[in-house]
Amino acid sequence: LYYIQGENLKLTDYNNIEDIEDLLKEGKDKEFCPYFYNLFKTKNCANLTFMTYNYILNPKIRKKIKIFEENSIVILDEAHNICNILENLYSRKISINELEKMQTLLQIILDFNNMNKYKISSKNSLLFLDAKDINDEINTIKKYINKILDFESQNNIYICDFVFFKEIFKDFKLKFYSELTENIAVLDNEYESELNNFVSREYNENINLSSLFKLTFKIFQFLQLINEISNIQNKEEDLEKDKLKQEEIDKEKELYMNSFRFIFSSEKEKFFQIVCLDASYGLDQYLKIKPYSTILTSGTLSIDLIENLLKIKFTEKLRNSNVISKNQFCMNIIKGYSMDNKMNIYSFNYNNRNNKNQITSLGKEIYNFVKSVKIGGVLVFFQSYDYLEKCHTAWLESKTIQKFESIKKVLFDSYNNRKYNEDFVKKNKKNNNLLLFTVYRGRTSEGINFYDDEVRMVICIGVPFPNLSDIRVKLKTDYLDKKSKIEKNNFNGWNWSKEEAINTVNQSLGR
């Protein structure tokens, strides 16, 4: 976090704002969070504050740090991500396995407190949890797991309505998990150390207390969101205050309730999931801080897409021309390839993924393009790791990769390659002769810039539509289809898919 000081503030007024390294060292020595220390210490003197999205868009974090005032000017950079971020903020997932671990943690706390009930210290916050409340939650989880394990579903994924979903979790006490997370947050080191020793001594299992503590907060957030969705019915009162007609109230209320979907998976990993499908819900929560203005900036921002998804109209829109003049770049679209004296159309849909002729032709096409780049690197983007792996295997057999390696340093991104990270890419791109095969929406397509000779050509393979086999994508397109009918506009699921694909290509080309 960086601060630009107010003009009338002397540095001595705040006893010298520390260098970040000094602050980190002091935080470790005195056991406090350097970020929040700096935040609270300097919030009153800062004219400009830099932070990650979550500190302003997440209402829980925003409430905790308390640095936002009415009439602030908020600038959101890389704003093409804003809708996904808002939807993810109000989506939650909890698995049966995680609830079983929660049950283990509660049992540990109960057993430890029973052994140490005569050693209660004001510092040891978990000792003050009521034994009956802990027992009740243990029994609730047991009952819940047994009920879910008996649940029969004809499909692997079951879409629930909210009434069913709320009924499933009705016995979980939000207040209990709120108190538990607060107590864990101020946990005394001595108590935690004793608890760890107790676990090592009394339990044979390999139990990581730290991860169990984090899990508590996850469950609390999950229950909190259920409670929040329950309160959406109060939206009617808010709308009535705005003096809307009953027809408009009913329409808005229907859209808000349909903004969420509730999923139960009966596959190997059984889980419940809340999926938010409408970013405008998160935007409404954000606007409660009453900013003076909000400015969205991005090199690939689709204004039409953002306006449709957020249900807003911008008062000002600015589109700048590209800094590169038209005579400095060339763009081509290759639609087909010749094979056995016959023209074939490139098709990268799922059913055509195993087309050997297409893979062979693709390898030759890429080689001819790359060969033309005498100085500079080349990026090649694929729709998925699966297809990239298919091509890699085929090109190894045909020795196409050896041809690539004769002209460039070749790197293949892969889903499980732990060595492949931002630092790894930055190190390898500096030789200005890199041929990198990677995927849309991956680690390379956003956040890593390639300057000058680091990349002179980008090859985009196929159209990266959102994956319809993903349950969230299917729910989103269905929701937008229904929403377009209710609102009588043309922004349906298909148009959203097209806009997402265009935005994804732009992000990749922007490297």
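Criterion applied to 335, 356 was being within 19 Å of residue 400 (Cα to Cα), open to solvent by 100 Å² or more (accessible area, probe 1.4 Å), at pLDDT below 95 and within 36 Å of the chain's Cα centre (by Cα), and the one residue passing it is 356. For region 495-511, filtered to residues that are out of contact with any Phe, Trp or Tyr (no Cβ under 6 Å at 6 or more places or on another chain) and β-branched (Val, Ile, Thr), the residue that is surrounded by the most Cβ atoms within 10 Å (Cβ to Cβ) is 505. Listed by position, the helices (runs of 4 or more DSSP H) inside region 338-436 whose residues that are touching a Cys at 6+ places or on another chain (Cβ under 9 Å) and either in contact (Cβ under 8 Å) with a residue 24 or more places away in the chain or closer than 21 Å to residue 455 by Cβ (or both) number at least 2 are 356-371. Restricting attention to region 33-64 and to residues that are modelled with pLDDT of 75 or more and more than 29 Å from residue 284 (Cα to Cα), the residue that is surrounded by the most Cβ atoms within 10 Å (Cβ to Cβ) turns out to be 34. Against the numbered list (1) charged (D, E, K, R); (2) touching a Gly at 6+ places or on another chain (Cβ under 8 Å); (3) part of a loop (DSSP other than H, G, I, E, B), residue 441 comes up short only at (2). Of the residues making up region 135-167, those that are of a type in the set (A, V, I, L, M), in contact (Cβ under 8 Å) with a residue 40 or more places away in the chain and either touching a helix residue (DSSP H, G or I) at 6+ places or on another chain (Cβ under 7 Å) or over 12 Å from residue 272 (Cα atoms) (or both) are 141, 145, 148, 149, 157. Within region 65-75, the residues that satisfy the criterion of being at pLDDT 85 or above and not polar (S, T, N, Q) are 73, 74, 75. In the set 486, 461, only one residue is farther than 13 Å from residue 308 by Cα and touching a Lys or Arg at 6+ places or on another chain (Cβ under 8 Å); that residue is 486.
Once region 81-100 is narrowed to residues that are closer than 22 Å to residue 212 by Cβ and not charged (D, E, K, R), the residue that is surrounded by the most Cβ atoms within 10 Å (Cβ to Cβ) is 99. Mind counting the residues in region 273-325 that are among the hydrophobic types (A, V, I, L, M, F, W, C), free of Cβ contacts under 8 Å to residues at least 60 places away in the same chain and surrounded by 11 or more Cβ atoms within 10 Å (Cβ to Cβ)? Residues in region 273-325 being among the hydrophobic types (A, V, I, L, M, F, W, C), free of Cβ contacts under 8 Å to residues at least 60 places away in the same chain and surrounded by 11 or more Cβ atoms within 10 Å (Cβ to Cβ): 4 in total. Where helices (runs of 4 or more DSSP H) sit wholly within region 152-228, those with at least 3 residues that are closer than 21 Å to residue 262 by Cα and open to solvent by less than 50 Å² (accessible area, probe 1.4 Å) occupy 162-168.
Entry remark, region 65-80: residues being open to solvent by 40 Å² or more (accessible area, probe 1.4 Å) and either part of a helix (DSSP H, G or I) or touching a Phe, Trp or Tyr at 6+ places or on another chain (Cβ under 7 Å) (or both) number 2 in total. Evaluated against (1) small (Gly, Ala, Ser); (2) closer than 30 Å to residue 330 by Cβ; (3) not in a loop (DSSP other than H, G, I, E, B), residue 484 falls short on exactly one condition, (2).
The values are calculated or read from the model by the stated rules, or taken from the named source; none is laboratory data. Remember, it's a predicted structure, so these values are computed and weren't measured experimentally. Cβ: placed from backbone, ideal geometry, glycine included. Neighbour counts: every protein chain shown. Calculation scope for accessible area: heavy atoms of the full protein, side chains included, ligands and nucleic acids excluded. Shrake-Rupley method; radii C 1.70, N 1.55, O 1.52, S 1.80 Å.
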